[in-house]
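Q: Okay, here's the structure, questions in a sec.
The values are calculated or read from the model by the stated rules, or taken from the named source; none is laboratory data. Predicted model, so just to flag it, every value in this text is computed and none were measured. Glycine gets a Cβ as well: all are built from the backbone with ideal geometry, and neighbour counts include every protein chain shown.
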Amino acid sequence: MADQKFYLGFDLGGTNMVAGVVDADYRIIHKESIPTRAGRPIEEVTFDMAEVSKKALYNAGLTLDDISSWGIGMPSYVNPKTNLLVHANNFGWKNVPVYDHLSRHISLPIYIENDANCAAYGEVLAGAASKYTDAVMLTLGTGVGGGIVMNKKIYAGFDNMGAELGHTKLVYNGIRCTCGQKGCLESYCSSTALIRKTKEAVDTRPDTLILQLCGQDKEGINGEIVFEAARRKDPLAVEIIDEYICHLAAGISTFITIFRPEVIILGGGMAQAEDLLLEPLNQQLYTSTFAAEEIGIPRVICAELGNDAGIIGAAFLEKTMQK
Ligand SMILES: [Zn+2]
């Protein structure tokens, strides 16, 4: 194609892998996706990653010559000193030379970053926070992911191992987290946490719309049902969501106090209940954050790009990372 520059972004998820070709205005011009089939050896997965990426380029009418780098987001970390992927729980990989495997198939500079960091970066480049340079993003799904962007660059700490906002300590000696620690933000603010809390609560208070909405079978409880019951003013659901918002506000106020971003972005499935979350969250943050009266607080807003944020952020990693 002409002289225009394009970018190749990749999102390696536990369920699907997606390659996206992105233009210089952060628009995804073509996407290809296949199931990840996690649990396979890294040789097979990296081969598929390259194939899907080449297919995306081909179907966009481009070749590798039109692309300057291959940016990849995945739920893991690569140590920039050793170039080893430290660990990826969903995939069963530990200390693997991921760059070596990938570069066998595509000869471009490769940049790898944690997927939550890519999503935050994508939202700052082209989504909800495009007017800002400093943002903190929380992805509220089955877990809680976190990404920090400072001065339009991903901030991931020493050796790229930081920004684990979901595993910051919210409650001393609190609920056991998937990471093995106790009291992490994720143990209170993930959808898994909300569902666990609700299942416990309906046992003692079965006269609730929550159980009606799932056909009296508490195994059918999900985040949407709890939010819907709260929308219809079910007292138990309102209590549960109020408590959820208190925990989330406590976590966010800490991030505001440390990083002072211009804006906080909420993404992930839980953020779809923005009608119930945003206003009370912003109010609570104002009353419970350090020096809010004197210097104000950044607004909490919802992500705009969905899964595309991670692809766009990954595509532009070459602008934020140096290998
Ligand atoms: Zn944890």
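Q: Could you pull out every one of the helices (runs of 4 or more DSSP H) wholly within the range 120-217 that has 2 or more residues that are touching a residue at least 24 places away in the same chain (Cβ under 8 Å) and within 16 Å of the ligand (Cβ to nearest atom)?
A: In the range 120-217, the matching helices (runs of 4 or more DSSP H) lie at 186-189, 191-204.
Q: From I297, I256, which residue is assigned to a loop (DSSP other than H, G, I, E, B) and β-branched (V, I, T)?
A: I297
Q: All but one of (1) among the hydrophobic types (A, V, I, L, M, F, W, C); (2) under 17 Å from L108 (Cβ atoms); (3) without any contact (Cβ under 8 Å) to a residue 60 or more places away in the chain hold for I67; which doesn't?
A: In the conditions (1) among the hydrophobic types (A, V, I, L, M, F, W, C); (2) under 17 Å from L108 (Cβ atoms); (3) without any contact (Cβ under 8 Å) to a residue 60 or more places away in the chain, I67 misses (3) alone.
Q: Next question, about the same structure. Output the number of the condition that K94 fails; it satisfies all remaining conditions of (1) touching a strand residue (DSSP E or B) at 6+ places or on another chain (Cβ under 8 Å); (2) under 21 Å from K319 (Cα atoms); (3) exposed (fewer than 14 other Cβ atoms within 10 Å of the Cβ).
A: Against the list (1) touching a strand residue (DSSP E or B) at 6+ places or on another chain (Cβ under 8 Å); (2) under 21 Å from K319 (Cα atoms); (3) exposed (fewer than 14 other Cβ atoms within 10 Å of the Cβ), K94 comes up short only on (2).
Q: Are there strands (runs of 3 or more DSSP E) fully within the range 5-107 with at least 3 residues that are modelled with pLDDT under 95? List them.
A: Numbers: elements: 6-12, 16-23, 28-35, 67-74, 85-88, 93-96.
The strands (runs of 3 or more DSSP E) meeting that bar are 67-74, 85-88, 93-96.
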